[in-house]
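Participant: Can you read through this structure? Questions will come right after.
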Amino acid sequence: MERRFDVTEKTEVLVVGGGAAGLMAAGTAAGCGRRTLLVEKNARCARKVLITGKGRCNVTNNCEIPEFIENVATGGRFLYSALSQFSPRDAVAFFEEHGVPLKTERGNRVFPETDRAKDIADCLEAYARASGCGVRTGTVQALLLEDGRVTGVQLADGEKIHAESVIVCTGGLSYPLTGSTGDGYRLARQAGHTVVQPGPSLVPLVACEHWCGELMGLSLRNVSVQAVDLMAGGKTVFQGFGEMLFTHFGLSGPLILSASCHLRQMQRGRYQVKIDLKPALDAAQLDKRLQRDFEKYANRDFANALGDLLPAKCIPVIVRLSGIAPDCKVHQVSREDRQRLGALLKNLTVTVKGFRPVDEAIVTTGGVNTKEVLPKTMESKLVKGLFFAGEVLDVDAYTGGFNLQIAYATGYAAGRHA
(Lines give C-alpha, C1' and ligand atoms only; values in the text may rest on other atoms or scores of the structure.)
Protein backbone atom coordinates (compact mmCIF):
# COMPACT_ATOMS: atom_id res chain seq x y z
CA MET A 1 0.00 0.00 0.00
CA GLU A 2 1.38 3.41 -0.96
CA ARG A 3 2.25 5.65 1.96
CA ARG A 4 1.51 9.35 1.81
CA PHE A 5 3.75 12.23 2.87
CA ASP A 6 2.01 14.41 5.44
CA VAL A 7 2.96 18.06 4.85
CA THR A 8 1.80 18.97 8.36
CA GLU A 9 4.41 16.72 9.97
CA LYS A 10 8.03 17.71 10.49
CA THR A 11 10.39 16.63 7.70
CA GLU A 12 13.03 14.27 9.03
CA VAL A 13 15.02 13.70 5.82
CA LEU A 14 15.19 16.28 3.03
CA VAL A 15 16.68 15.22 -0.31
CA VAL A 16 17.96 17.91 -2.69
CA GLY A 17 17.72 16.76 -6.30
CA GLY A 18 15.48 14.21 -7.97
CA GLY A 19 17.86 12.30 -10.24
CA ALA A 20 18.77 8.64 -9.94
CA ALA A 21 20.71 9.14 -6.69
CA GLY A 22 18.11 11.45 -5.17
CA LEU A 23 15.15 9.20 -5.94
CA MET A 24 16.97 6.16 -4.59
CA ALA A 25 17.97 8.05 -1.45
CA ALA A 26 14.47 9.42 -0.92
CA GLY A 27 12.74 6.09 -1.50
CA THR A 28 15.16 4.29 0.80
CA ALA A 29 14.86 6.83 3.63
CA ALA A 30 11.07 6.89 3.39
CA GLY A 31 11.01 3.09 3.23
CA CYS A 32 12.91 3.06 6.53
CA GLY A 33 10.04 4.97 8.10
CA ARG A 34 11.54 8.45 7.97
CA ARG A 35 9.33 11.37 6.95
CA THR A 36 11.09 12.31 3.74
CA LEU A 37 10.70 15.25 1.36
CA LEU A 38 12.45 15.53 -2.03
CA VAL A 39 12.96 18.98 -3.54
CA GLU A 40 13.58 19.01 -7.31
CA LYS A 41 14.13 22.16 -9.40
CA ASN A 42 12.56 20.65 -12.57
CA ALA A 43 8.89 19.98 -13.17
CA ARG A 44 9.68 16.27 -13.45
CA CYS A 45 12.28 14.07 -11.80
CA ALA A 46 15.05 12.01 -13.42
CA ARG A 47 15.41 14.14 -16.54
CA LYS A 48 19.01 13.05 -17.07
CA VAL A 49 18.01 9.38 -16.81
CA LEU A 50 15.70 9.95 -19.78
CA ILE A 51 18.62 10.69 -22.11
CA THR A 52 21.12 8.10 -20.90
CA GLY A 53 22.15 5.32 -23.26
CA LYS A 54 20.82 7.35 -26.22
CA GLY A 55 17.34 7.11 -24.74
CA ARG A 56 17.62 3.39 -23.94
CA CYS A 57 19.17 3.82 -20.45
CA ASN A 58 22.14 1.61 -19.66
CA VAL A 59 20.77 0.76 -16.20
CA THR A 60 23.87 -0.85 -14.66
CA ASN A 61 26.70 -3.23 -15.49
CA ASN A 62 26.04 -6.84 -14.52
CA CYS A 63 29.45 -7.63 -13.05
CA GLU A 64 30.93 -8.45 -9.66
CA ILE A 65 32.18 -5.66 -7.40
CA PRO A 66 35.95 -6.17 -7.99
CA GLU A 67 35.45 -5.90 -11.76
CA PHE A 68 33.17 -2.92 -11.22
CA ILE A 69 35.86 -1.13 -9.21
CA GLU A 70 38.33 -1.70 -12.07
CA ASN A 71 36.01 0.39 -14.25
CA VAL A 72 35.92 3.32 -11.84
CA ALA A 73 38.28 6.09 -12.94
CA THR A 74 38.07 8.14 -9.73
CA GLY A 75 37.02 7.01 -6.25
CA GLY A 76 37.04 3.22 -6.58
CA ARG A 77 38.17 2.47 -3.02
CA PHE A 78 35.71 5.01 -1.61
CA LEU A 79 32.81 3.30 -3.41
CA TYR A 80 33.51 -0.24 -2.22
CA SER A 81 31.32 0.00 0.90
CA ALA A 82 28.36 1.57 -0.93
CA LEU A 83 28.55 -1.05 -3.71
CA SER A 84 28.61 -3.79 -1.06
CA GLN A 85 25.32 -2.42 0.29
CA PHE A 86 23.66 -2.04 -3.13
CA SER A 87 25.48 -4.01 -5.82
CA PRO A 88 24.79 -4.31 -9.57
CA ARG A 89 22.99 -7.55 -8.76
CA ASP A 90 20.81 -5.65 -6.28
CA ALA A 91 20.05 -3.03 -8.92
CA VAL A 92 18.91 -5.67 -11.41
CA ALA A 93 16.70 -7.27 -8.77
CA PHE A 94 15.32 -3.86 -7.74
CA PHE A 95 14.07 -2.89 -11.20
CA GLU A 96 12.70 -6.32 -12.03
CA GLU A 97 10.87 -6.50 -8.68
CA HIS A 98 9.39 -3.08 -9.45
CA GLY A 99 8.01 -4.17 -12.81
CA VAL A 100 10.79 -3.31 -15.28
CA PRO A 101 12.19 -6.45 -17.02
CA LEU A 102 15.85 -6.09 -17.98
CA LYS A 103 18.25 -7.65 -20.49
CA THR A 104 22.03 -7.94 -20.53
CA GLU A 105 23.92 -7.09 -23.70
CA ARG A 106 27.55 -7.04 -24.85
CA GLY A 107 29.99 -5.97 -22.16
CA ASN A 108 27.51 -6.89 -19.38
CA ARG A 109 25.55 -3.71 -20.13
CA VAL A 110 22.03 -3.90 -18.73
CA PHE A 111 19.05 -2.25 -20.46
CA PRO A 112 15.27 -2.36 -19.99
CA GLU A 113 13.72 -4.93 -22.33
CA THR A 114 11.61 -2.13 -23.80
CA ASP A 115 14.73 -0.06 -24.65
CA ARG A 116 12.95 2.92 -23.08
CA ALA A 117 14.78 5.07 -20.55
CA LYS A 118 11.41 6.47 -19.48
CA ASP A 119 10.56 3.13 -17.86
CA ILE A 120 13.58 3.45 -15.56
CA ALA A 121 12.88 7.10 -14.72
CA ASP A 122 9.22 6.34 -14.00
CA CYS A 123 10.17 3.34 -11.88
CA LEU A 124 12.52 5.35 -9.68
CA GLU A 125 9.99 8.12 -9.13
CA ALA A 126 7.17 5.65 -8.44
CA TYR A 127 9.40 3.88 -5.91
CA ALA A 128 10.10 7.11 -4.03
CA ARG A 129 6.45 8.13 -3.94
CA ALA A 130 5.19 4.65 -3.02
CA SER A 131 7.66 4.57 -0.13
CA GLY A 132 5.92 7.64 1.29
CA CYS A 133 8.27 10.37 0.09
CA GLY A 134 6.81 13.78 -0.67
CA VAL A 135 8.00 15.53 -3.83
CA ARG A 136 7.87 19.27 -4.42
CA THR A 137 9.30 21.66 -6.99
CA GLY A 138 11.78 24.24 -5.80
CA THR A 139 15.39 25.40 -5.90
CA VAL A 140 17.49 25.03 -2.76
CA GLN A 141 19.53 28.18 -2.30
CA ALA A 142 21.38 27.41 0.93
CA LEU A 143 21.77 24.99 3.80
CA LEU A 144 20.62 25.90 7.29
CA LEU A 145 23.52 25.18 9.63
CA GLU A 146 23.72 25.41 13.41
CA ASP A 147 26.40 24.25 15.88
CA GLY A 148 28.13 21.93 13.44
CA ARG A 149 25.05 20.24 12.07
CA VAL A 150 22.52 20.82 9.29
CA THR A 151 19.01 21.83 10.32
CA GLY A 152 17.35 22.20 6.90
CA VAL A 153 17.46 24.28 3.75
CA GLN A 154 16.39 27.64 2.42
CA LEU A 155 14.71 27.82 -0.99
CA ALA A 156 15.31 30.51 -3.61
CA ASP A 157 11.99 32.17 -2.68
CA GLY A 158 13.12 32.54 0.94
CA GLU A 159 11.10 29.67 2.39
CA LYS A 160 12.89 27.61 5.03
CA ILE A 161 12.29 23.88 5.40
CA HIS A 162 13.66 22.32 8.58
CA ALA A 163 14.90 18.74 8.63
CA GLU A 164 17.07 16.49 10.77
CA SER A 165 19.09 15.29 7.79
CA VAL A 166 19.78 16.70 4.31
CA ILE A 167 21.01 14.57 1.39
CA VAL A 168 22.55 16.57 -1.48
CA CYS A 169 22.06 14.76 -4.83
CA THR A 170 22.28 17.61 -7.30
CA GLY A 171 24.52 15.99 -9.94
CA GLY A 172 27.51 17.65 -11.57
CA LEU A 173 27.83 20.07 -14.49
CA SER A 174 27.12 17.78 -17.44
CA TYR A 175 23.88 18.22 -19.39
CA PRO A 176 22.89 21.52 -17.68
CA LEU A 177 19.52 21.51 -19.47
CA THR A 178 18.54 18.60 -17.22
CA GLY A 179 19.22 20.71 -14.13
CA SER A 180 22.83 19.70 -13.45
CA THR A 181 24.28 23.17 -12.98
CA GLY A 182 26.66 22.69 -10.07
CA ASP A 183 24.27 23.75 -7.28
CA GLY A 184 25.58 21.03 -4.98
CA TYR A 185 29.11 22.38 -5.14
CA ARG A 186 27.89 25.69 -3.75
CA LEU A 187 26.04 23.95 -0.90
CA ALA A 188 29.11 21.81 -0.12
CA ARG A 189 31.40 24.83 0.03
CA GLN A 190 28.92 26.59 2.31
CA ALA A 191 29.28 23.64 4.69
CA GLY A 192 33.08 23.95 4.58
CA HIS A 193 33.74 21.11 2.16
CA THR A 194 36.54 21.07 -0.39
CA VAL A 195 35.31 20.75 -3.97
CA VAL A 196 37.77 19.18 -6.41
CA GLN A 197 37.74 21.31 -9.57
CA PRO A 198 34.91 19.95 -11.77
CA GLY A 199 35.62 19.11 -15.37
CA PRO A 200 34.30 16.94 -18.20
CA SER A 201 34.57 13.15 -18.06
CA LEU A 202 33.26 10.66 -20.60
CA VAL A 203 33.50 13.42 -23.16
CA PRO A 204 34.40 13.49 -26.88
CA LEU A 205 37.85 14.70 -27.90
CA VAL A 206 38.72 17.53 -30.28
CA ALA A 207 41.52 16.59 -32.70
CA CYS A 208 44.31 18.74 -34.09
CA GLU A 209 44.27 16.79 -37.38
CA HIS A 210 41.71 18.09 -39.87
CA TRP A 211 41.43 14.71 -41.62
CA CYS A 212 39.23 13.45 -38.76
CA GLY A 213 36.47 15.67 -40.13
CA GLU A 214 36.72 13.90 -43.49
CA LEU A 215 35.80 10.66 -41.69
CA MET A 216 32.80 12.22 -39.91
CA GLY A 217 30.16 9.58 -39.19
CA LEU A 218 32.52 6.63 -39.64
CA SER A 219 32.02 4.15 -36.81
CA LEU A 220 34.77 1.59 -36.26
CA ARG A 221 34.06 -1.59 -34.33
CA ASN A 222 36.61 -3.98 -32.90
CA VAL A 223 39.49 -1.54 -32.91
CA SER A 224 42.14 -1.04 -30.26
CA VAL A 225 42.83 2.42 -28.83
CA GLN A 226 45.82 3.55 -26.80
CA ALA A 227 46.09 7.02 -25.24
CA VAL A 228 49.61 8.25 -24.43
CA ASP A 229 50.92 11.24 -22.48
CA LEU A 230 53.72 12.85 -24.48
CA MET A 231 54.78 15.00 -21.51
CA ALA A 232 55.35 11.81 -19.52
CA GLY A 233 57.64 10.30 -22.12
CA GLY A 234 54.84 8.64 -24.11
CA LYS A 235 53.45 6.79 -21.09
CA THR A 236 50.27 4.83 -21.84
CA VAL A 237 47.39 6.22 -19.75
CA PHE A 238 44.60 4.18 -21.33
CA GLN A 239 44.25 1.10 -23.50
CA GLY A 240 41.01 -0.48 -24.63
CA PHE A 241 39.21 -2.47 -27.32
CA GLY A 242 35.79 -1.80 -28.77
CA GLU A 243 33.94 0.85 -30.76
CA MET A 244 34.76 4.45 -31.66
CA LEU A 245 33.41 7.16 -33.93
CA PHE A 246 34.92 9.94 -36.03
CA THR A 247 33.12 13.30 -35.86
CA HIS A 248 33.46 16.71 -37.51
CA PHE A 249 35.61 17.86 -34.56
CA GLY A 250 37.55 14.69 -33.78
CA LEU A 251 36.76 11.48 -31.89
CA SER A 252 33.85 10.06 -29.94
CA GLY A 253 32.20 6.71 -29.20
CA PRO A 254 32.45 4.39 -26.15
CA LEU A 255 36.21 3.76 -26.36
CA ILE A 256 37.05 7.44 -26.67
CA LEU A 257 34.71 8.45 -23.86
CA SER A 258 36.39 5.94 -21.56
CA ALA A 259 39.83 7.16 -22.64
CA SER A 260 38.84 10.75 -21.81
CA CYS A 261 38.62 9.82 -18.10
CA HIS A 262 42.40 9.41 -18.07
CA LEU A 263 43.39 12.64 -19.80
CA ARG A 264 43.36 14.53 -16.51
CA GLN A 265 45.91 17.25 -17.26
CA MET A 266 44.56 18.35 -20.60
CA GLN A 267 46.75 20.65 -22.66
CA ARG A 268 46.76 21.03 -26.42
CA GLY A 269 49.12 18.45 -27.88
CA ARG A 270 49.88 16.71 -24.60
CA TYR A 271 47.96 13.52 -25.42
CA GLN A 272 47.81 11.33 -28.51
CA VAL A 273 45.29 8.64 -29.35
CA LYS A 274 46.78 5.73 -31.31
CA ILE A 275 44.23 3.62 -33.20
CA ASP A 276 45.00 0.05 -34.26
CA LEU A 277 42.64 -0.57 -37.18
CA LYS A 278 43.63 -4.25 -37.37
CA PRO A 279 44.18 -5.44 -33.78
CA ALA A 280 43.57 -9.11 -34.66
CA LEU A 281 46.72 -9.13 -36.81
CA ASP A 282 50.27 -8.49 -35.68
CA ALA A 283 52.63 -6.56 -37.94
CA ALA A 284 53.90 -9.68 -39.76
CA GLN A 285 50.39 -11.08 -40.31
CA LEU A 286 49.14 -7.73 -41.58
CA ASP A 287 52.05 -7.51 -44.01
CA LYS A 288 51.16 -10.95 -45.40
CA ARG A 289 47.55 -9.81 -45.75
CA LEU A 290 48.68 -6.70 -47.65
CA GLN A 291 50.87 -8.85 -49.90
CA ARG A 292 47.88 -11.04 -50.77
CA ASP A 293 45.70 -8.02 -51.54
CA PHE A 294 48.45 -6.38 -53.56
CA GLU A 295 48.95 -9.56 -55.56
CA LYS A 296 45.21 -9.76 -56.18
CA TYR A 297 45.02 -6.14 -57.38
CA ALA A 298 48.54 -5.88 -58.85
CA ASN A 299 47.46 -3.84 -61.88
CA ARG A 300 45.14 -1.44 -60.08
CA ASP A 301 45.95 2.04 -58.85
CA PHE A 302 46.94 1.97 -55.19
CA ALA A 303 43.88 4.05 -54.22
CA ASN A 304 41.62 1.33 -55.65
CA ALA A 305 43.30 -1.64 -54.01
CA LEU A 306 42.32 -1.24 -50.34
CA GLY A 307 38.58 -1.99 -50.54
CA ASP A 308 38.92 -5.47 -49.04
CA LEU A 309 40.81 -4.10 -46.06
CA LEU A 310 39.23 -0.78 -45.09
CA PRO A 311 35.86 1.02 -45.09
CA ALA A 312 35.45 3.06 -48.27
CA LYS A 313 35.28 6.36 -46.35
CA CYS A 314 38.62 5.63 -44.71
CA ILE A 315 40.59 4.88 -47.87
CA PRO A 316 41.32 8.42 -49.21
CA VAL A 317 42.67 9.51 -45.82
CA ILE A 318 44.84 6.40 -45.40
CA VAL A 319 46.16 6.76 -48.96
CA ARG A 320 47.16 10.37 -48.29
CA LEU A 321 48.74 9.63 -44.90
CA SER A 322 50.68 6.68 -46.36
CA GLY A 323 52.61 8.95 -48.69
CA ILE A 324 52.06 6.54 -51.59
CA ALA A 325 50.78 8.20 -54.75
CA PRO A 326 47.12 7.28 -55.27
CA ASP A 327 47.69 6.51 -58.96
CA CYS A 328 50.75 4.38 -58.32
CA LYS A 329 50.21 0.86 -59.70
CA VAL A 330 50.09 -1.66 -56.89
CA HIS A 331 52.85 -3.79 -58.39
CA GLN A 332 55.11 -0.72 -58.22
CA VAL A 333 54.62 -0.17 -54.46
CA SER A 334 57.91 -0.88 -52.76
CA ARG A 335 58.35 -3.26 -49.84
CA GLU A 336 59.29 -0.31 -47.61
CA ASP A 337 56.13 1.60 -48.63
CA ARG A 338 53.98 -1.46 -47.99
CA GLN A 339 55.46 -1.96 -44.53
CA ARG A 340 55.02 1.74 -43.78
CA LEU A 341 51.36 1.37 -44.76
CA GLY A 342 51.03 -1.57 -42.37
CA ALA A 343 52.57 0.49 -39.57
CA LEU A 344 50.07 3.27 -40.29
CA LEU A 345 47.12 0.85 -40.06
CA LYS A 346 48.44 -0.43 -36.73
CA ASN A 347 49.17 3.05 -35.38
CA LEU A 348 46.83 5.69 -36.83
CA THR A 349 47.67 8.64 -34.57
CA VAL A 350 45.43 11.54 -33.58
CA THR A 351 46.77 14.45 -31.51
CA VAL A 352 44.27 15.72 -28.93
CA LYS A 353 43.56 19.45 -28.99
CA GLY A 354 41.19 19.35 -26.01
CA PHE A 355 37.86 18.20 -24.62
CA ARG A 356 34.48 19.14 -25.99
CA PRO A 357 32.58 21.47 -23.59
CA VAL A 358 31.57 20.10 -20.18
CA ASP A 359 27.90 20.38 -21.10
CA GLU A 360 28.52 17.65 -23.70
CA ALA A 361 30.12 15.33 -21.14
CA ILE A 362 28.16 12.33 -19.93
CA VAL A 363 29.41 12.85 -16.38
CA THR A 364 31.54 15.32 -14.46
CA THR A 365 34.87 14.56 -12.88
CA GLY A 366 35.64 16.44 -9.68
CA GLY A 367 33.15 17.36 -6.99
CA VAL A 368 32.89 17.00 -3.21
CA ASN A 369 36.16 15.61 -1.88
CA THR A 370 35.49 12.02 -0.81
CA LYS A 371 38.13 12.28 1.93
CA GLU A 372 35.60 14.45 3.77
CA VAL A 373 32.73 11.92 3.44
CA LEU A 374 32.21 8.65 5.32
CA PRO A 375 32.24 5.87 2.67
CA LYS A 376 29.80 3.59 4.53
CA THR A 377 27.09 6.19 5.16
CA MET A 378 27.85 9.06 2.73
CA GLU A 379 27.59 11.44 5.70
CA SER A 380 29.81 14.50 5.88
CA LYS A 381 32.74 14.25 8.28
CA LEU A 382 32.42 18.01 8.82
CA VAL A 383 28.70 18.61 9.36
CA LYS A 384 26.39 16.27 11.26
CA GLY A 385 23.30 15.16 9.34
CA LEU A 386 24.61 16.29 5.93
CA PHE A 387 24.94 13.58 3.28
CA PHE A 388 26.07 13.52 -0.37
CA ALA A 389 25.23 11.02 -3.12
CA GLY A 390 25.70 10.61 -6.86
CA GLU A 391 27.64 12.74 -9.28
CA VAL A 392 28.06 15.66 -6.86
CA LEU A 393 30.82 13.53 -5.29
CA ASP A 394 34.31 13.32 -6.80
CA VAL A 395 33.67 9.88 -8.33
CA ASP A 396 33.30 8.84 -11.97
CA ALA A 397 33.60 5.69 -14.06
CA TYR A 398 33.72 4.47 -17.64
CA THR A 399 30.74 4.01 -19.92
CA GLY A 400 28.72 0.83 -19.55
CA GLY A 401 26.19 1.53 -16.78
CA PHE A 402 28.79 2.13 -14.07
CA ASN A 403 27.91 5.75 -13.32
CA LEU A 404 24.19 5.08 -12.83
CA GLN A 405 25.08 2.18 -10.52
CA ILE A 406 27.22 4.59 -8.49
CA ALA A 407 24.18 6.86 -8.20
CA TYR A 408 21.97 4.04 -6.90
CA ALA A 409 24.60 2.69 -4.49
CA THR A 410 25.56 6.03 -2.94
CA GLY A 411 21.88 7.12 -2.87
CA TYR A 412 20.91 3.90 -1.12
CA ALA A 413 23.69 4.25 1.46
CA ALA A 414 22.79 7.86 2.18
CA GLY A 415 19.06 7.15 2.42
CA ARG A 416 19.57 4.13 4.64
CA HIS A 417 21.79 5.97 7.11
CA ALA A 418 20.10 9.38 7.09
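The values are calculated or read from the model by the stated rules, or taken from the named source; none is laboratory data. Quick caveat: nothing in here was measured; it's all calculated off a predicted structure. When we count neighbours, we look across all protein chains shown, and the Cβ atoms used for this are built from the backbone with ideal geometry, even at glycine.
Participant: Out of the residues in the stretch 336-359 that are part of a helix (DSSP H, G or I) and at pLDDT below 95, which is surrounded by the fewest Cβ atoms within 10 Å (Cβ to Cβ)?
Facilitator: Residue satisfying both the conditions and the ranking: Asp359.
Results for (1) in the same structural domain as Thr377 (by TED's automatic domain parsing); (2) outside any helix (DSSP H, G or I); (3) modelled with pLDDT under 95; (4) buried (at least 16 other Cβ atoms within 10 Å of the Cβ), shown as yes or no for each residue.
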position	(1), (2), (3), (4)
Leu124	yes, no, no, yes
Ala142	yes, yes, no, no
Leu145	yes, yes, no, yes
Gln154	yes, yes, no, no
Ile161	yes, yes, no, yes
Ile167	yes, yes, no, yes
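Participant: Follow-up. Somewhere in the stretch 2-22, is a residue at pLDDT 90 or above, part of a loop (DSSP other than H, G, I, E, B) and touching a His at 6+ places or on another chain (Cβ under 8 Å)?
Facilitator: Filtering the stretch 2-22 for residues at pLDDT 90 or above gives 11-22.
Applying the additional criterion that residues be part of a loop (DSSP other than H, G, I, E, B) yields 11-12, 17-19.
Those still in the list that are touching a His at 6+ places or on another chain (Cβ under 8 Å) too: 11.
So far as the stretch 2-22 goes, yes, one or more of its residues are at pLDDT 90 or above, part of a loop (DSSP other than H, G, I, E, B) and touching a His at 6+ places or on another chain (Cβ under 8 Å).
Participant: Same structure, new question: (1) on the phi > 0 side of the Ramachandran plot; (2) surrounded by 15 or more Cβ atoms within 10 Å (Cβ to Cβ); (3) free of Cβ contacts under 8 Å to residues at least 40 places away in the same chain: which one isn't true of Gly99, the others all being true?
Facilitator: For Gly99, the failing item is (2).
Participant: Give Leu310, Leu277, Leu251 a once-over and let me know the one that is under 23 Å from the mean Cα position of the chain (by Cα) and in contact (Cβ under 8 Å) with a residue 24 or more places away in the chain.
Facilitator: Selected residue: Leu251, the only one of Leu310, Leu277, Leu251 that is under 23 Å from the mean Cα position of the chain (by Cα) and in contact (Cβ under 8 Å) with a residue 24 or more places away in the chain.
Participant: From Cys57, Cys45, grab the single residue that is touching a strand residue (DSSP E or B) at 6+ places or on another chain (Cβ under 9 Å), buried (at least 21 other Cβ atoms within 10 Å of the Cβ), in contact (Cβ under 8 Å) with a residue 24 or more places away in the chain and more than 22 Å from Gly367 (Cβ to Cβ).
Facilitator: Residue meeting the stated conditions: Cys57.
Participant: If you go through the stretch 373-402, how many residues are surrounded by fewer than 19 Cβ atoms within 10 Å (Cβ to Cβ) and farther than 19 Å from Thr28 by Cα?
Facilitator: Result for the stretch 373-402: 3.
Participant: For the stretch 282-298, which residues satisfy the criterion of being without any contact (Cβ under 8 Å) to a residue 12 or more places away in the chain and not charged (D, E, K, R)?
Facilitator: Ala284, Gln285
Participant: Answer yes or no as to whether Thr410 is of a type in the set (S, T, N, Q) and either part of a helix (DSSP H, G or I) or touching a helix residue (DSSP H, G or I) at 6+ places or on another chain (Cβ under 8 Å) (or both).
Facilitator: In short, yes.
Participant: When you look at Lys329, is it of a type in the set (Lys, Arg), crowded, with 17+ Cβ neighbours inside 10 Å and farther than 30 Å from Val150 by Cα, yes or no? Lay out the reasoning, then the answer.
Facilitator: On the way: of a type in the set (Lys, Arg): yes; crowded, with 17+ Cβ neighbours inside 10 Å: no; farther than 30 Å from Val150 by Cα: yes.
No; evaluated as a whole, the condition is false for this residue.
Participant: Kindly check whether there is at least one residue in the stretch 367-383 that is over 18 Å from Val16 (Cβ atoms), without any contact (Cβ under 8 Å) to a residue 12 or more places away in the chain and of a type in the set (A, V, I, L, M, F, W, C).
Facilitator: Checking the stretch 367-383: at least one residue is over 18 Å from Val16 (Cβ atoms), without any contact (Cβ under 8 Å) to a residue 12 or more places away in the chain and of a type in the set (A, V, I, L, M, F, W, C).
Participant: Out of the residues in the stretch 60-84 meeting the condition of being aliphatic (A, V, I, L, M) and modelled with pLDDT of 95 or more, tell me which one is surrounded by the fewest Cβ atoms within 10 Å (Cβ to Cβ).
Facilitator: Restricting to residues being aliphatic (A, V, I, L, M) and modelled with pLDDT of 95 or more, the top hit is Ile65.
Participant: Still on this structure, please answer the following. Could you give me the residue pairs with C-beta distances under 7 Å whose first residue belongs to the stretch 107-130 and is in contact (Cβ under 8 Å) with a residue 40 or more places away in the chain and over 30 Å from Val13 (Cα atoms), whose second residue is assigned to a helix (DSSP H, G or I) and aliphatic (A, V, I, L, M) wherever it lies, and which are 6+ apart or on separate chains?
Facilitator: Taking only residues 6 or more apart or on different chains, the pairs are Val110/Val92; Pro112/Ile120.
Participant: Which one of the conditions (1) farther than 30 Å from Gly400 by Cα; (2) in contact (Cβ under 8 Å) with a residue 60 or more places away in the chain does Asp301 fail to meet, given that it meets all the rest?
Facilitator: (2)
Participant: Please go through (1) surrounded by 15 or more Cβ atoms within 10 Å (Cβ to Cβ); (2) aliphatic (A, V, I, L, M); (3) assigned to a helix (DSSP H, G or I); (4) at pLDDT below 95 for Leu177 and return the number of the only condition it doesn't satisfy.
Facilitator: (1)
Participant: List the residue pairs whose Cβ atoms are under 6 Å apart, where the first residue sits in the stretch 389-404 and is assigned to a helix (DSSP H, G or I), the second is surrounded by fewer than 24 Cβ atoms within 10 Å (Cβ to Cβ), and the two are 6 or more positions apart or on different chains.
Facilitator: Phe402/Asn71
Participant: For the subset of the stretch 179-214 comprising residues that are free of Cβ contacts under 8 Å to residues at least 40 places away in the same chain and over 24 Å from the mean Cα position of the chain (by Cα), which member is nearest to His248 (Cα to Cα)?
Facilitator: My answer is Gly213.
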